[in-house]
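Have a look at the structure below, then the notes.
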Amino acid sequence: MSDSKSILQTLPPDMRDDAERVLEELDQKEPDPDPRDFVAELHRRGLLSEGQLREAVLALEATRRIDRVASNVDPTAASHNILGPLGAGAMGEVLLAKDDLGRVVAVKRLLPEMAGRKAVTRRFYKEAQITAQLDHPSIVPIHSLVKQDGGIAYAMKLVRGQTLEDYFEEAGDQWSKRGSVDESHALQARLERFLSVCDAIAYAHDRGVVHRDLKPENIMVGAFGEVIVMDWGIAKLVGKPEEAVELHAEGIAPKKAHQTRIGMIMGTPRYMSPEQAVGANDVLDARSDQYALGLILQELVCLRPAVKGDLDVNECLEWAKSAKRQPYAVLHRNQPLPKQLCAIVDKACQKDPARRYASVKVFAEDLRRFLRDEPILALPDGILDRIGRWIGRNRGKVMVAMMLVTVLGIAGVAGTALFGVTALGAAQYAAQQSEEQLARVLRDTNVQAMRLDAAFRDWDGQLNGLAYAAEQALSDATVASVNPRRMAEPPELKRSGRYNREVDLNWPSLASVKGAGGRAEITSLLALGPQLRATVADSAGLTSSGRPGAQRNAIEAGVPIVWARVFTVDGHMAEYPGTSLARGTTPDDFREEWWFKDRKDRSITWHPPHVDPMKLGLLASASRSLSDELGNFLGIVRIDVSLQYVLNELLKPPAWATRTYLVDKNGNVVIDSDDNPATAKKYTSRPFPVDAIVHDLKDTPSGTRAISFEGKSYQATWARLEASGWTFVSLTPSGAGPER
């Protein structure tokens with residue numbers, strides 16, 4: 001079957017007759033027409049919408065890549081010696097094998113009844129591609145693509161050990177039989193393994209990937225305590241639409257609530273988030289994975305599933321839609337149930353994603369606070385908690401005081417003893433009050449810093465998602481066939497209150513420097529229009545759908561990312577929103593700019609602020625290099641974030657603080673709360689105004705120091721933002737701080 005006829009099978013039934021007639025007309029002019037011409041003609045005649053056109057082209061490209069892989073894989077790679085089965089899921093099975101180097105590996109391939117279905121094959125290829133790009137100690141490494149029985153498969157590291165499900169079951173058995181657990185199954189050990197999972201998922205989220213099928217069965221605990229997250233088969237890129245793979249129609253949908261479902265509702269019903277249970281796949285983000293992690297954490301604490309084990313699939317979906325969970329319980333009276341852990345689970349499992357933690361990294365950090373016996377974000381300390389923590393930190397002083405009371409009482413000088421204890425208590429109380437005030441300042445400073453860091457991580461995720469889409473578009477010219485007519489159309493400019501000028505909120509502007517080569521890249525950049533729009537629109541986390549109208553409304557309402565751009569090594573660029581920059585305009589050669597030349601690896605770099613030439617005020621830019629599968633440099637993606645948005649939403653000092661700052665790695669102020677970024681005419685680098693702590697900011701990730709500033713005494717408190725490498729600094733007048 002030709003590629004053009006294959007495309008017919010992907011179209012809705014009510015459209016196929018008209019599409020077949022179009023194909024017959026093209027076939028009469030040129031036998032076996034190019035499938036790209038076919039879909040372009042369908043779009044020209046109004047049979048395909050913009051979204052359907054893009055999906056058809058991307059599906060065709062995935063099919064062609066799979067065919068190339070299947071036909072060009074190294075023949076020696078097919079010689080994996082299959083030793084036996086390991087397990088099976090909704091789409092594939094995992095086999096034990098030995099490769100040519102003598103390694104025992106796991107080989108995953110599609111089930112026979114799935115291997116002939118192109119949509120399933122495309123998803124399988126995507127799974128291998130996404131997983132291979134996630135280089136993390138707790139994510140299963142992919143070795144290579146291989147041939148298996150005429151189809152494609154991939155070889156990965158064989159993880160020896162047990163699933164997290166089995167590990168929890170062992171802990172439960174120990175509690176029920178002995179009333180205690182061994183060290184490797186204790187609550188702290190279980191939490192440490194869980195934190196490894198969180199770190200792996202946070203890493204994936206930073207790269208724009210959502211797992212969507214987190215459950216104890218998909219997490220391995222290795223023989224040496226290592227933790228590996230497996231089965232990325234239904235992972236998706238944030239903000240990128242995808243093709244549904246419907247299994248139910250053929251009667252092979254999983255029947256059990258703990259098995260993965262593939263279709264409009266994707267995932268495992270018992271561990272689904274509410275938004276996942278209603279099938280909102282295109283708008284799922286990292287907070288959906290966080291919900292699943294919250295369910296796993298409740299199971300870790302109580303050693304029984306958060307969703308009842310005797311429910312069928314539909315009942316599990318109803319529980320998920322309403323965010324319903326079993327009440328907390330313990331298996332044995334000797335197993336404590338810390339209220340802090342329950343509060344952390346409750347926050348991660350909120351029905352409204354906006355009320356969950358800002359990110360999985362913040363979620364994990366709250367767990368680490370619990371392990372360090374520090375106040376957690378999910379449950380502020382009460383007076384008894386604060387007293388208990390103070391006693392815990394000052395056990396020596398408390399013991400001395402108690403001994404003093406005892407000795408003086410025995411000596412018969414009760415009055416003197418009472419006076420001495422009272423004086424000691426007053427001094428301790430005063431010291432405690434000062435210490436607690438400082439602790440509250442540190443806590444609230446860290447909370448504000450974490451909000452800032454979470455925002456920068458979200459923007460990093462948007463940039464990574466755009467970078468991934470750009471690499472796919474620029475690596476192959478097939479995508480360049482998308483909507484050829486639009487190349488000749490002028491920008492759809494409309495007045496925007498957000499940009500205070502006419503802009504095109506549907507498509508990017510395209511331009512090429514003088515002498516630019518590789519003209520096919522222009523249409524590849526145009527194909528990135530929906531991804532560029534989503535990058536800007538979703539940067540505040542406010543859009544409720546992927547529809548263009550909702551995205552345009554979000555942009556007009558005010559979002560942090562104001563520009564998203566792609567620059568290619570051949571000298572072409574795409575800029576969103578589109579401006580009056582006409583296609584064919586010759587811009588200055590951006591390849592000579594320092595940010596283009598100073599490219600490093602594929603990590604994200606945040607640059608010093610600059611003033612926007614379109615009068616949007618002071619902006620901070622982040623960029624990331626692009627490369628193909630062979631490591632060849634393709635270009636740069638870049639986003640610009642409004643520092644006025646950062647100031648309004650994230651940097652404002654609390655009522656008890658005087659001033660807040662963002663300081664870069666060199667000790668220079670990026671912005672402070674007294675600035676007015678919206679009206680800035682230029683940016684001038686200036687060092688942080690207190691020399692005494694500049695060295696501390698560079699060398700110490702977080703801390704506090706008493707300083708003198710502008711003739712007054714302050715407590716300077718700071719915390720570094722891991723995403724940008726910048727540091728958040730707060731100045732608080734001595735003795736001031738948040739209320740209890």
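Only the coordinates and a few stated rules stand behind these numbers; no lab work does. Keep in mind that this is a model prediction, so the values were computed, not measured. Cβ atoms come from the backbone with ideal geometry, glycine included; neighbour counts cover every protein chain shown.
Show me, for the stretch 689-706, the HN-Hα J-couplings you get by feeding each phi into the Karplus relation (A = 6.51, B = -1.76, C = 1.60, θ = phi - 60°), rounded to Hz, glycine and proline as x.
Per residue, the Karplus-derived 3J(HN,Hα) values read x, 10, 4, 4, 10, 4, 4, 4, 4, 6, 9, 10, x, 8, x, 8, 7, 6 Hz.
With label points built 7 Å along Cα→Cβ from the Cα atoms of ARG178 and THR679, find their separation and express it in nm.
For the pair ARG178/THR679, the computed spacing is 7.1 nm.
Subtracting the Cα-Cα distance from 0.36 nm times the residue separation, let me have the gained length for ILE82 to VAL694 in nm, one decimal.
214.3 nm
With contacts defined as alpha carbon pairs under 8 Å and 6 or more residues apart, what's the relative contact order of the stretch 551-658 in percent? Intermediate values should be presented prior to the final figure.
Working: 141 pairs, mean separation 31.3, N = 108.
Averaging sequence separation for qualifying contacts and normalising by length gives 29 percent for the stretch 551-658.
Give, as ranges by residue number, the residues of the stretch 524-539 whose backbone N falls under 17 Å from the point 7 Å along Cα→Cβ of ASN632.
524-525
For LYS652 and GLU169, what does the FRET efficiency come to when R0 = 41 Å and r is the distance between their Cβ atoms, rounded to the nearest 0.05?
0.25
Scan the stretch 637-681 for trypsin sites (Lys or Arg not before Pro) in coil per DSSP, keeping those whose Cβ has at most 10 other Cβ atoms within 10 Å, and list them by number.
Values: sites: ARG638, ARG659, LYS665, LYS681; in loops: LYS665, LYS681.
Listed in order of number, the matching sites are LYS681.
Between ASN314 and ALA354, what is the spin-label point distance in nm, taking each point 7 Å from the Cα along the Cα→C-beta axis?
Going by the 7 Å Cα→Cβ label model, 3.3 nm.
Quick one: which residues, 5 or more positions from LEU303 or on another chain, have an amide H under 5 Å from its amide H? H modelled 1.01 Å from N in the peptide plane, none for Pro or chain starts.
Distant-sequence amide H within range of LEU303: zero hits.
Given labels modelled 7 Å from the Cα in the Cβ direction, how far is it in nm from LYS494 to SER713?
Here the answer is 6.0 nm between the modelled labels.
Using θ = phi - 60° and the Karplus relation 6.51 cos²θ - 1.76 cosθ + 1.60, list the HN-Hα couplings for the stretch 220-228 in order, rounded to whole Hz, with x at every Gly or Pro.
Result, ordered by residue: 9, 10, x, 5, 10, x, 5, 10, 10 Hz.
Strictly over 24 Å apart at the Cα level, which of LYS494/LYS615; LYS157/LYS321; LYS339/LYS361; LYS108/LYS215 would you flag in this model? Don't skip to the end; give the middle numbers.
Values: LYS494/LYS615 17 Å; LYS157/LYS321 36 Å; LYS339/LYS361 21 Å; LYS108/LYS215 19 Å.
Pairs exceeding the cut-off: LYS157/LYS321.
What is the P(r) of the stretch 647-733, as percent of Cα-Cα pairs per 10 Å bin from 0?
With 10 Å bins starting at 0, P(r) equals 17, 53, 28, 2.
Please list the non-local residues whose amide H lies under 5 Å from the amide H of GLY92, H modeled 1.01 Å from N, same-chain partners needing a gap of 5 or more.
LEU111
Per the Kirkwood treatment, what hydrodynamic radius in Å, one decimal, follows for the stretch 576-726 from the mean inverse distance over all distinct Cα pairs? Don't skip to the end; give the middle numbers.
Values: mean 1/r = 0.0561 Å⁻¹.
About 17.8 Å for the stretch 576-726.
Once fully extended, how much extra length lies between LEU158 and MET15, figured as 0.36 nm per residue of separation less the alpha-carbon to alpha-carbon distance?
Working: separation 143, 0.36 × 143 = 51.48 nm, distance 4.61 nm.
Result: 46.9 nm gained on full extension.
Rounded to the nearest 0.05, what FRET efficiency do ALA323 and LYS29 give with R0 = 45 Å and r taken as the Cβ-Cβ distance? Could you check? Mind dumping the intermediate values first?
Values: r = 57 Å, r/R0 = 1.27.
In this case the efficiency is close to 0.20.
With all distinct Cα pairs included, what does the Kirkwood hydrodynamic radius of the stretch 75-157 come out to in Å, to one decimal, could you say? Spell out each step's value before the answer.
Working: mean 1/r = 0.0771 Å⁻¹.
The Cα-based Kirkwood calculation yields 13.0 Å.
Quick query: amide H of GLU502 versus all other amide H atoms, modeled in the peptide plane; which residues come in under 5 Å with a sequence gap of 5 or more or a different chain?
Residues meeting the criterion, in which the H sits 1.01 Å from N, are SER496.
Mind listing the phi-derived Karplus ³J(HN,Hα) values for the stretch 358-367, rounded to whole Hz, using 6.51, -1.76 and 1.60 with θ = phi - 60°, and x for any glycine or proline?
Karplus-based 3J(HN,Hα) across the stretch 358-367 equals 4, 7, 5, 4, 5, 4, 5, 5, 5, 4 Hz.
How much length is gained if the chain between LEU337 and ARG501 is pulled fully straight, taking 0.36 nm per residue apart and subtracting their Cα-Cα distance, in nm to one decimal? The partial results should precede the final answer.
Numbers: separation 164, 0.36 × 164 = 59.04 nm, distance 5.77 nm.
That pair, LEU337 and ARG501, stretches by 53.3 nm at full extension.
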